[in-house]
Amino acid sequence: MARFQQHRVLVQGFLVTDYFHLWDQFQREIGPWVLAGEIRHIEDMSHGLELAPKALMDVISGRNFGKKVVKLRD
């Protein structure tokens, strides 16, 4: 803990809803980048309801990357 204090480490949580007032500005500025393929999102996909419990455990334990999606059917 002393090392955190020595380096003034700050851990702060946030919710997307804290910044909802910036949504329109975000869409105007970032939207064109997404459409141009300059910004991509990452989905960590699991296929089938039977894998949902494992998918949840991956999220809870931090073993997933990007957005975790459980696809039920094609």
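Being in contact with an Asp or Glu (Cβ under 9 Å, 6 or more places away or on another chain) and in a helix (DSSP H, G or I) is the filter; apply it to segment 30-58 and report the residue that is surrounded by the most Cβ atoms within 10 Å (Cβ to Cβ). It would help to see each step written out before you state the result.
Looking only at segment 30-58, we keep the residues that are in contact with an Asp or Glu (Cβ under 9 Å, 6 or more places away or on another chain), and these are 32, 44, 46-47, 55, 58.
Imposing the further condition that a residue be in a helix (DSSP H, G or I) reduces the set to 32, 55, 58.
Working: PRO32: 11, ALA55: 20, ASP58: 16.
Ranking the candidates gives ALA55 first.
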PHE20 vs. criteria in contact with a strand residue (DSSP E or B) (Cβ under 7 Å, 6 or more places away or on another chain) and either aromatic (Phe, Trp, Tyr) or in a loop (DSSP other than H, G, I, E, B) (or both): no
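Every number here is computed from the coordinates shown, using simple stated rules; none is lab data. All of these numbers come straight from a predicted model, not from anything done at the bench. All Cβ positions, glycine included, derive from the backbone under ideal geometry; neighbour counts span all protein chains shown.
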